Amino acid sequence: RPAIVWFRNDLRVNDNAALLAASSHKQVVPVYILEPAANTRAIGGARKWWLHHSLAKLGEKLADLGAPLMLMRGDPALLIAGLVEKTDAAAVYWNRRYDPAFLSSDASLKDALRAQDIVVESFAGQLLHEPTRVRTGNDTFYKVYSPFWRAIEGGIEDREPAPAPDRLTALANAPQSETLSDWGLLPTKPDWARGLRETWKPGEDGAHERLDEFVSERVCGYASLRDVPGVESTSRLSPHLANGEITPAQIIQALKASDADASPKDRTVFRKEVGWREFSYHLLVNEPDLPQQNHNSRFDGFPWKDDETALLAWQKGVTGYPIVDAGMRELWRTGWMHNRVRMVTASFLTKHLMVDWREGERWFWDTLVDADPASNAASWQWVAGSGADAAPYFRVFNPIIQGEKFDPDGDYVRRYVPELANLPSKFIHKPWTAPDDALAKAGVHLGETYPMPIVDHQQARNRALAAYEKIKDAA
Ligand code: FAD
C-alpha cells in the first residue's frame, strides 16, 4: 500500500528522511498543504514569494523522481485523514518542525492516525539537536548560549546526511492537485519582488550552489569578514534553511569535507553561528511565547513609545543615520539584511527610538526571506535586552561608530543609499557634519535629498538609559 509524505518546511529531496522512508513503499504520494492563517502565524510577504518558487522547484524534482507533488489548501488534520482514505495509504511520514504552533497539532494528528492503524513516523533533520532532550545538569533548558553550545557541539557532526531516493512510483489515479499559481503567493501590484528575483535562487539547487561557493571560497576569512556588510562574506544560507531546502547537517558535513584554506578559527566561528540557530530553537521550544513575551519579565514595565512616525522612518530607511537606512533599504530591496546591520537597526529601533521590539520583529517577519520564528524572536529579544543571554540593555550601538568601524569606506552605504554615494568617506556615516561645500559637491541637500537625523544620538541614548534605570531593579 502507498505512503504519504507530507512536506512542510523541508522543501528538498536530499537528506529528507521522511521521503526516504516513503520511498520504500510501492507507491508514494508527496503532498504540501497550505495551512489557513488561523492555525498559525501567517508567513510574511517575502517568505510567500520564496515559498512559491521553492514549491515549484520541489515539484520539478519530485516529478523527475517519478511522483509529482500534490498541492492542497486547508486544515492538515482533515486533509491528511481524507487523503489516507482516498489513497488507501498504509503510512504517513513527515519531518519534525519545531514551531510550537505546530507541535501539538502534529502530535494529535499522529495519535489520530495511529488509532486507525496507520503507520506514522516523524524524523529529525531541521536541527542538529532535539530541543526538548538537551538539558542542563539541573534538568532545565539552557538559557545561556556558551554552555548550550558546549553541550551539543560534540555531537553535531554525528549525522550523515541521507541521499535522495533513486526513484519514486506515483499512485495511479492520485487525487487532483491544486495549481500553485492559484495560491496568490506572488505580489501583483505593486511588484515589489524585483530585487528578490535578482538576488536569490530559491530551491534546493540554489541552496547547494550557495553552500558550495561558501565552503570552497568564502569561508576563508569568515571569522573577521563576517562583520563587514559591504563584502559578501557570509553564506547567505539562511532563507534556504528557513524553507528546509538544505539541512544544518549537510552544511556541517560540507564544511568538514572542505579543503579550503580556511583557518580553524574561520571554521569554528561559522559552526558557532549555526549553533545560534540551534539555540534559538532551543529557547523557542522551551518558551513558546518567545515571539510575543519578554523572556525577562522586568521589561514588561518598559515605557515603549507608540511612535508611528519614527517607526515608519525606520521601516523606510529615512532615519538620517546612513548605516541604519542602508540596512533597512537592503532589507526592503533584497529580503535579507547583513547580521551586523540587523543588530544596529534593531538596537536603533528599540533604544534610540524606544519602539517595542515586537514592532521590529513584525516588520522583519513580513520582509525577510529568512523570517524564522525562533531566530527572529530570539535575536530581537537579544538586541532589546529582554532576551535570554541578551546583550545588556545599556549597550546601545552607536550607529556612527558602527558604520565607521564595519563599513569604513562606506561601500555598503553607497550601495543602498545612493543619494550619499559621492560623499567623502569621512562624512559618509555622519553627513550632517560635512561642510557645506563638501555636501554641495556631492549633490547632498540635507533635509531635501537625505534627511537630518530624526533623533540626536547622545540625547536618545540618555533617554533610553534613563528609562532602563526605572525597570532595572523591578522584580
Ligand atoms: P552566516 O553568517 O553564513 O551563518 C550561517 C547560518 O547560521 C545562518 O544561515 C543562520 O542559520 C545561522 N545564524 C547565523 N547567525 C545567527 C544568529 N545570530 N542567530 C541565529 N542563527 C544565526 N536569522 C534567521 O535565519 N531568521 C531570522 O528571522 C532572523 N532574524 C534576525 C533578527 C535580528 C534583529 C537579528 C540581529 C538577527 C536575526 N537573524 C535571523 C540572525 C542572523 O542575522 C541571520 O541568520 C544571518 O544574517 C543570515 O545570514 P547568513 O546565512 O549569511 O549567515
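The values are calculated or read from the model by the stated rules, or taken from the named source; none is laboratory data. Since this is a predicted model, take the numbers as computed values, not measurements. Glycine gets a Cβ as well: all are built from the backbone with ideal geometry, and neighbour counts include every protein chain shown.
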Response to the item:
By residue number, the members of region 291-325 that are more than 15 Å from the ligand (Cβ to nearest atom), closer than 30 Å to P190 by Cα and within 21 Å of the chain's Cα centre (by Cα) are K316, G317, D325
Worksheet item: Is there any pair linking a residue in region 364-376 that is more than 6 Å from the ligand (Cβ to nearest atom) to one that is assigned to a helix (DSSP H, G or I) and hydroxyl-bearing (S, T, Y), with Cβ under 7 Å and at least six apart or on different chains, and which?
Response: A374/S280; A374/Y281
Worksheet item: In region 66-85, which residue that is closer than 26 Å to D166 by Cα and not aliphatic (A, V, I, L, M) is farthest from the chain's Cα centre (by Cα)?
Response: G66
Item to complete: Please work out which one of (1) surrounded by fewer than 20 Cβ atoms within 10 Å (Cβ to Cβ); (2) in contact (Cβ under 8 Å) with a residue 60 or more places away in the chain; (3) in contact with a helix residue (DSSP H, G or I) (Cβ under 9 Å, 6 or more places away or on another chain) is the condition V413 fails and give its number.
Response: (1)
Item to complete: For region 183-229, enumerate the residues that are among the polar types (S, T, N, Q) and either in the same structural domain as G327 (by TED's automatic domain parsing) or touching a helix residue (DSSP H, G or I) at 6+ places or on another chain (Cβ under 6 Å) (or both).
Response: T199
Response to the item:
The helices (runs of 4 or more DSSP H) lying entirely within region 28-119 that contain at least 3 residues which are of a type in the set (G, A, S), surrounded by fewer than 15 Cβ atoms within 10 Å (Cβ to Cβ) and not assigned by TED's automatic domain parsing to the domain that holds D370 are 100-115
Discussion item. Would you confirm, using the coordinates I've provided, whether R159 is surrounded by 15 or more Cβ atoms within 10 Å (Cβ to Cβ), touching a helix residue (DSSP H, G or I) at 6+ places or on another chain (Cβ under 7 Å), at pLDDT below 95 and among the basic types (K, R)?
Written reply: yes
Item to complete: Please determine, by comparing only the residues of region 377-386 that are touching a Gly at 6+ places or on another chain (Cβ under 7 Å) and either among the aliphatic types (A, V, I, L, M) or within 8 Å of the ligand (Cβ to nearest atom) (or both), which one is nearest to E273 (Cα to Cα).
Response: A378
Worksheet item: Do the conditions hold for G443, that is, is it over 17 Å from A326 (Cβ atoms), touching an Asp or Glu at 6+ places or on another chain (Cβ under 9 Å) and assigned by TED's automatic domain parsing to the domain that holds E308?
Response: yes
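One line per residue, one yes/no per condition, for (1) within 14 Å of the ligand (Cβ to nearest atom); (2) in contact with a Ser or Thr (Cβ under 9 Å, 6 or more places away or on another chain); (3) within 26 Å of R415 (Cα to Cα):
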position: L211; (1), (2), (3): yes, yes, yes
position: E217; (1), (2), (3): yes, no, yes
position: S224; (1), (2), (3): yes, yes, yes
position: V228; (1), (2), (3): yes, no, yes
position: E232; (1), (2), (3): yes, no, yes
position: L255; (1), (2), (3): yes, no, no
position: S263; (1), (2), (3): no, no, no
position: T268; (1), (2), (3): yes, no, no
position: D289; (1), (2), (3): no, no, no
Worksheet item: When you scan region 332-344, how many residues do you find that are within 10 Å of the ligand (Cβ to nearest atom) and under 15 Å from the mean Cα position of the chain (by Cα)?
Response: 8
Worksheet item: In region 73-110, which residues are of a type in the set (S, T, Y) and within 19 Å of R1 (Cβ to Cβ)?
Response: T87, Y93
Worksheet item: Out of curiosity, is R236 in a loop (DSSP other than H, G, I, E, B), buried (at least 19 other Cβ atoms within 10 Å of the Cβ), within 16 Å of the ligand (Cβ to nearest atom) and among the basic types (K, R)?
Response: yes
Discussion item. Quick check on my filter: what residues within region 434-455 are free of Cβ contacts under 8 Å to residues at least 12 places away in the same chain and touching a helix residue (DSSP H, G or I) at 6+ places or on another chain (Cβ under 6 Å)?
Written reply: A434
Practice prompt. Being of a type in the set (D, E) and more than 11 Å from the ligand (Cβ to nearest atom) is the filter; apply it to region 345-363 and report the residue that is nearest to N294 (Cα to Cα).
Written response: D356
Practice prompt. Specify the residue that is surrounded by the most Cβ atoms within 10 Å (Cβ to Cβ); the eligible residues are those in region 239-250 that are touching a residue at least 40 places away in the same chain (Cβ under 8 Å) and near the ligand (Cβ under 10 Å from one of its atoms).
Written response: P239
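To keep it simple, each residue is scored yes or no on (1) within 20 Å of the chain's Cα centre (by Cα); (2) farther than 24 Å from A326 by Cβ; (3) of a type in the set (A, V, I, L, M).
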| position | (1), (2), (3) |
| --- | --- |
| L196 | yes, no, yes |
| T199 | yes, no, no |
| E209 | yes, yes, no |
| E217 | no, yes, no |
| L225 | no, no, yes |
| T234 | yes, no, no |
| P239 | yes, no, no |
| A242 | yes, no, yes |
Worksheet entry | Test: Q459 is among the polar types (S, T, N, Q) and under 30 Å from L284 (Cβ atoms) | no
Item to complete: Give just the number: which of (1) within 30 Å of H53 (Cβ to Cβ); (2) under 24 Å from the mean Cα position of the chain (by Cα) does P418 not satisfy?
Response: (2)
Discussion item. When you check L465 against the structure, is it surrounded by fewer than 16 Cβ atoms within 10 Å (Cβ to Cβ), among the hydrophobic types (A, V, I, L, M, F, W, C), over 19 Å from R329 (Cα atoms) and touching a helix residue (DSSP H, G or I) at 6+ places or on another chain (Cβ under 9 Å), yes or no?
Written reply: yes
Worksheet item: Can we say M328 is of a type in the set (A, V, I, L, M), at positive phi and either more than 9 Å from the ligand (Cβ to nearest atom) or surrounded by fewer than 24 Cβ atoms within 10 Å (Cβ to Cβ) (or both)?
Response: no
